1. Consider residue 153 against the criteria (1) within 20 Å of residue 252 (Cβ to Cβ); (2) loosely packed, with under 14 Cβ neighbours inside 10 Å; (3) of a type in the set (D, E, K, R): it satisfies all of them except one. Which criterion is unmet?
2. Among all residue pairs at least 6 apart or on different chains, which show Cβ distances below 9 Å where the first residue, located in region 1-28, is under 11 Å from residue 110 (Cβ atoms) and the second is aliphatic (A, V, I, L, M) and in a loop (DSSP other than H, G, I, E, B)?
3. Residues of region 239-295 being of a type outside the set (A, V, I, L, M), under 21 Å from residue 196 (Cβ atoms) and assigned to a loop (DSSP other than H, G, I, E, B), which ones?
4. Going through 51, 84 one at a time, which residue ends up being surrounded by fewer than 20 Cβ atoms within 10 Å (Cβ to Cβ), free of Cβ contacts under 8 Å to residues at least 40 places away in the same chain and over 22 Å from residue 25 (Cα atoms)?
5. I need a count of the residues in region 87-99 that are over 18 Å from residue 10 (Cβ atoms) and touching a residue at least 24 places away in the same chain (Cβ under 8 Å).
6. Scanning for something over 30 Å from residue 329 (Cβ atoms) and in contact with a Leu (Cβ under 7 Å, 6 or more places away or on another chain), does region 56-71 turn up at least one residue?
7. Among the residues of region 142-176, how many are in a helix (DSSP H, G or I), of a type in the set (A, V, I, L, M) and either touching a Ser or Thr at 6+ places or on another chain (Cβ under 6 Å) or more than 11 Å from ligand 2 (Cβ to nearest atom) (or both)?
8. Only one of (1) in contact with a Phe, Trp or Tyr (Cβ under 7 Å, 6 or more places away or on another chain); (2) away from ligand 2 (no atom under 16 Å from the Cβ) is not met by residue 290, so which one is it?
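The values are calculated or read from the model by the stated rules, or taken from the named source; none is laboratory data. This structure is a prediction, so every number in the text was calculated from the model and none was measured. So basically every Cβ, Gly included, is an ideal-geometry build from the backbone, and we count neighbours across all protein chains shown.
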Amino acid sequence: MYLKNCWYVACTPDEFAEKPLGRKICGENIVFYRGKGGEVAAVEDYCPHRGAPFSLGYIEDGLLVCGYHGLKMDSDGKPAAMPGQRTDRFPCIRSYPVVERYGFVWVWTGKADQADASSIPVLKWADSPDWGYGGGLYHIQCDYRLMIDNLMDLTHETYVHSTSIGQKEIDEAPVSTVVDGETVITSRHMDNVTAPPFWQMALRANDLADDVAVDRWQICRFTPPSHVLIEVGVAHAGRGGMNAAPQYRANSIVVDFITPETETSMWYFWGMARQFKPADVELTDSIREGQGRIFAEDLDMLECQQRNLLQYPERRLMKLNIDAGGVQSRRILDRLIKAENTIT
Ligand code: FES
Ligand SMILES: [Fe+2]
């Protein structure tokens with residue numbers, strides 16, 4: 001159950017800097033590498049000779065070389081050469097539209113003629129010196145939609161992340177969910193509360209007092225296929241909340257690109273783009289480390305949840321008001337997947 005005619009974050013360029021990277025995305029084995037001229041290429045991770053994965057091979061003069069018997073493949077999926085063989089009648093393999101942008105590699109898993117790079121989301125923070133970014137990747141054994149549910153309902157922070165970003169007011173503050181076309185927005189504002197440890201750290205890092213009351217906000221935005229960007233932050237109480245002047249607030253965007261691997265596993269590209277001390281490399285590292293620890297707590301919960309769901313597939317789950325963000329996001333996905341399968 002995934003959308004195919006769309007862009008997914010596949011990897012980051014460092015992952016194939018040394019050798020080709022094999023990665024399963026939406027059930028398809030794909031190999032990523034740099035072809036002639038240094039541009040990113042993505043083709044099936046399947047050598048047409050005997051089916052060996054190309055990701056076990058290497059790159060030579062921009063051609064992907066099979067590590068089994070040396071067949072060389074061009075980035076358009078056409079066999080280019082093989083020692084002692086004529087390759088002009090060898091079968092081609094599939095190549096995928098792929099774009100390197102914002103520090104990520106985006107792959108189009110559907111019909112290639114429908115791929116339009118202008119539909120890659122615009123990330124205002126990625127190219128701006130006003131923002132600093134750090135992030136990582138987790139491989140998680142769960143349906144990618146469980147992660148969408150998780151991120152569109154942050155009440156879990158009170159329980160799963162009690163020592164870092166959780167606080168009881170998350171449970172108490174009313175949450176609003178709005179559907180705007182194919183976007184779902186879930187918002188929560190907590191006024192005049194104590195900042196939890198992570199946000200106290202952020203306040204200090206931004207040279208702000210960390211022992212005064214704050215207004216805190218969380219605005220989660222889902223867009224298809226499975227991107228969730230969350231505006232989060234705190235400001236000294238009474239200064240305008242998320243509209244407070246920069247000298248009173250610490251704010252960031254939690255970045256979540258969720259890429260299905262199989263029906264029950266996914267690649268989770270997580271990160272934080274912050275609008276304070278953007279050039280502070282040490283701060284980037286320490287936030288990355290803290291966020292990585294926090295998100296590992298989600299990983300444990302989701303993998304255990306997935307195992308339970310697989311063991312009891314017939315049991316119906318509840319849908320509470322706090323689940324509205326995830327429910328609405330899944331509804332949009334279901335609709336788009338159905339439309340895609342009807343057309344194709
Ligand atoms: S399997 Fe690739 S060259 Fe033989
Ligand atoms: Fe979480």
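1. Single failed check for residue 153: (2).
2. Pairs found: 5/115; 7/115; 7/120; 26/3.
3. Residues satisfying the conditions are 239, 240, 275, 276, 277.
4. 84
5. Looking only at region 87-99, we keep the residues that are over 18 Å from residue 10 (Cβ atoms), and these are 87-92.
Okay, now just the ones that are also touching a residue at least 24 places away in the same chain (Cβ under 8 Å), so 90-92.
Residues that pass the stated criteria total 3.
6. Quick first cut of region 56-71, residues over 30 Å from residue 329 (Cβ atoms) only: 56-71.
Subsequent filtering for residues that are in contact with a Leu (Cβ under 7 Å, 6 or more places away or on another chain) retains 57, 67.
Within region 56-71, one or more residues are over 30 Å from residue 329 (Cβ atoms) and in contact with a Leu (Cβ under 7 Å, 6 or more places away or on another chain).
7. From region 142-176, those in a helix (DSSP H, G or I) are 144-151, 154-160, 168-172; that's our starting set.
When the remaining residues are screened for being of a type in the set (A, V, I, L, M), the result is 146-148, 151, 154, 160, 170.
From what is left, the residues that are either touching a Ser or Thr at 6+ places or on another chain (Cβ under 6 Å) or more than 11 Å from ligand 2 (Cβ to nearest atom) (or both) are 146, 148, 170.
So the answer is 3.
8. With respect to (1) in contact with a Phe, Trp or Tyr (Cβ under 7 Å, 6 or more places away or on another chain); (2) away from ligand 2 (no atom under 16 Å from the Cβ), residue 290 is out only on (2).
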